[in-house]
1. Residues in segment 582-591: is at least one buried (at least 24 other Cβ atoms within 10 Å of the Cβ) and polar (S, T, N, Q)?
2. Please enumerate the residues belonging to segment 534-553 that are in contact with a helix residue (DSSP H, G or I) (Cβ under 7 Å, 6 or more places away or on another chain) and open to solvent by 10 Å² or more (accessible area, probe 1.4 Å).
3. If I ask for residues that are part of a loop (DSSP other than H, G, I, E, B) and aliphatic (A, V, I, L, M), which ones from segment 403-428 would you list?
4. Counting only residues that are at pLDDT 95 or above and farther than 24 Å from Asp472 by Cβ, give me the helices (runs of 4 or more DSSP H) lying completely in segment 1-91 with at least 2 of them.
5. Can you tell me how many residues within segment 422-438 are within 17 Å of Leu483 (Cα to Cα) and crowded, with 23+ Cβ neighbours inside 10 Å?
6. Can you name the condition, by its number, that Ser500 falls short on among (1) within 23 Å of Gln612 (Cβ to Cβ); (2) in contact with a Gly (Cβ under 9 Å, 6 or more places away or on another chain)?
7. Do you know which of the residues in segment 400-433 that are small (Gly, Ala, Ser) and out of contact with any Leu (no Cβ under 6 Å at 6 or more places or on another chain) is nearest to His555 (Cα to Cα)?
8. So the check is Cβ under 9 Å with 6+ separation or different chains; which pairs have a first residue in segment 355-367 that's farther than 17 Å from Leu319 by Cβ and a second one that's among the basic types (Lys, Arg) and surrounded by fewer than 19 Cβ atoms within 10 Å (Cβ to Cβ)?
Amino acid sequence: MRRLVFFLLVLSSSASAQRTSSFDFSIKNIMRGPELYGRAPGDVRWSNDSKWIYFTWLEPGSDWREQVKRFRVRAVPGSKPERVSPAQFDSVGAMVTSGERSRNGRYMAIEYNGDLYLTDLQTGATRRLTRTVAREHDPQFAVDASRLFFIRDDNVYFIDLSGGLVQQLTDIRQGPEPTDSAKATGQRARLEQQQRDLFEVIRDRVRADSIRKAEEKEVAGRGLKTYYTQRAENIASLSVAPTGKALLIQTRIPPTGARTADLIQFVTESGYPEVIRGRTNVGDVQLRGRLGFLNLPSGTINWLNAFPTDTANGFVQVLGWSDDGSRAAFYSYTGDHKLRLLQSIDAATGKVRILETLRDTAWVGGPCSSCGGWYDGGRRLWYVSEATGFAHLYTVAANGSDRRQLTKGNWEVRNATLSPDEKWFHLHTNEISPAEEQIYRMSVNGGTRERLTTKSGGHNGTVSPNGEWIADVYSYVNRPPDLYLMRSKAGAAEVQLTVSPSAEWLSFPWIAPEIVKIPASDGAGVPAHIYRPKDMNAEPNGAAVIFVHGAGYLHNVGNFWSQYPREYMFNQYLASKGYVVLDLDYRASDGYGRDWRTAIYRYMGGRDLQDQVDASRYLTKEYGINPERIGIYGGSYGGFITLMALFTQPELFGAGAALRSVTDWAHYNNGYTSAILNFPQTDTLAYRRSSPIYFAEGLKDPLVMLHGMVDTNVHFEDIVRLTQRLIELGKPNWELAVYPVEDHAFVRPSSWADEYRRIFEIFERTLPSKVPIQPDTQ
């Protein structure tokens, strides 16, 4: 009886809160988006003295057109954020930008707006080192901190920090080395000889030219040696050793013969249609690159074989040089996405050593897969690997020996950073639950992890330079991200520094949806948020809706704020109208390890779609909902799944709304698609069974398709091709809504409102039962 009374009191309280709220709970209002729920604090930076936190943000209720601005707040509980004008930020930008620390820990070098600055971390004084039109970047201290190396105009320079002398260290030029004009032959050679024989002035010119060339060669021998890349390629990056004796060169070789899929913008200032240059499609000629090693000052460029097999589209990521400059480390990824090598190169010999090999029969990936760096004076390297099936932290000696796994378990290291004193790793992990992301501290030697954050939800922390504070962008499932301040110690209280949502949004009792496990046909439990009519004090209408998040590899079910805030509100709106709503972290979603991530390899619309099918069956079993009264909707990858559901499983869904949908994977980009489906010219089966356009004849239920006409991600052409297919098949019960000024991510509230009004209307027309159903007792 007490439990029943308590339940009725809670229900009454919820109903009362909704009745007294002044919030306009309508589609038009909730699609105002960030005007309501606010802009999350971003680009969080600490001042070098750890006294100020700088970040991007906007005050609650700001107009949707307004761009985020710079703010700062004192690292003191109770402080209030204040705007920083562009001029003010320029004056302090060098003092709040992460930079390169000297080995003795005293100095920090920073690039800001293309110039270099030096901060004395003991005194806090900052001085400007360069003021030029050219951009100086990638500062790197010499081992003894007497010089600072940097890059300017694709070459290495250094500045003497005591005297201020700037000296160029390399002269690298793109393309082949120029040669003298070809020597004349035949008739032309005879004419030149005749000129020399007849005229003294010609003989004098030839002699002077020979002397000039000899003098230029002698002068060049005393100065910088000129290096030529020998190919038509661009220098992408340079990484110089802190000794100044070795250099890594990354280049980019533009694709030749590639064809782009361009777009047309119809609503323009000129009144004429304008072409927007698009991207290439998967399998077309792609950008290539090389990694070169150069001994300075007089060596030759040695182009490294960074891959064990021929891989035209592989790429390299340089992690940096050890403190003593004896070695550099880099990742190399093969073009088929199935191999990642962690390698080092000896600065003295140029010899490459493999430190770790990560292979995947699907594709290499996972959180923090590009993380890593040197520590312990360059004697060890840390990195993150999915070798066990979950992303974990490892370290290895510089010579490849003594590999250690520092974290273990069926959970993921989401992010890892090394403390400035190199004593601690700060880790973001989901070891408590995939629904949580907490911050931990662990010794660089491994051992027990100390949990620093305690509040349930999502934490994204930035540690202060002195290691004493954490600026934490924290969110909960029904509370958008805000900036908090806490001591960097276990269990420390967090103090809120910003309020991002508007008072209007905060006035409404937004629910924290329960997380349930959907029993999958293969025995797995698929996490899902559930929104029920009773949560909104509404009567069930006998219908349900499944929301499918986008991207595929994205984490949406948890105790943190959703990456789909409008859909979070819209799902509650649907529940208030009587629908049961599910939102799944289906197979391919982020946060659940390698096997979950790669379950769609060579078959998108296979296991990921089956999870939606199992969710439909769950709704029928647990809530008695007829499958023909179950709708499905989603955008991008979610739109693709919606199409596959209606085209291939019509008996389990009654209507669908597909937003900005991929309809044919052969028309999507290379980086994303080739990892999952290989290439369309070599794996035709994977592309055919994964593309909705091949299954359009299966459409039986009502469908609305919605797409922006200037979508630079999933091109408008995609939905046009499917539209023509439906016309030729003579299919009824479908409609297309186009948005002439919208890209992939809609911007204008009027477009959002029109889109979701149409989604709601198709569900209202087709799904609700005319016959009362059993009360929802779940």
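1. yes
2. First, pick out the residues of segment 534-553 that are in contact with a helix residue (DSSP H, G or I) (Cβ under 7 Å, 6 or more places away or on another chain): 535-540, 542-553.
Selection gives Asp535, Asn537, Ala538, Glu539, Pro540, Ala551, Tyr553.
3. Initial filter on segment 403-428 (part of a loop (DSSP other than H, G, I, E, B)): 403, 406-412, 419-423.
The one that is part of a loop (DSSP other than H, G, I, E, B) and aliphatic (A, V, I, L, M): Leu406.
4. Qualifying helices (runs of 4 or more DSSP H): 27-30.
5. Looking only at that region, the number is 2.
6. Among (1) within 23 Å of Gln612 (Cβ to Cβ); (2) in contact with a Gly (Cβ under 9 Å, 6 or more places away or on another chain), the lone unmet condition for Ser500 is (1).
7. Applying the first criterion (small (Gly, Ala, Ser)) to segment 400-433 yields 400-401, 409, 416, 419, 433.
Those still in the list that are out of contact with any Leu (no Cβ under 6 Å at 6 or more places or on another chain) too: 401, 409, 419, 433.
Details: Ser401: 36, Gly409: 19, Ser419: 27, Ser433: 13 Å.
Looking at residues that are small (Gly, Ala, Ser) and out of contact with any Leu (no Cβ under 6 Å at 6 or more places or on another chain), I get Ser433.
8. Pairs that qualify, where the first residue is farther than 17 Å from Leu319 by Cβ and the partner is among the basic types (Lys, Arg) and surrounded by fewer than 19 Cβ atoms within 10 Å (Cβ to Cβ), are Arg359/Lys338; Asp360/Lys338; Thr361/Lys338; Ala362/Lys338; Ala362/Arg602; Trp363/Lys338.
The values are calculated or read from the model by the stated rules, or taken from the named source; none is laboratory data. The structure displayed is predicted, hence computed values, not measured ones. Methodologically, a virtual Cβ is constructed for each residue, glycine included, from the backbone with ideal geometry; neighbour enumeration extends over all protein chains shown. For accessibility, only protein heavy atoms count, side chains too; no ligands or nucleic acids. Shrake-Rupley method; radii C 1.70, N 1.55, O 1.52, S 1.80 Å.
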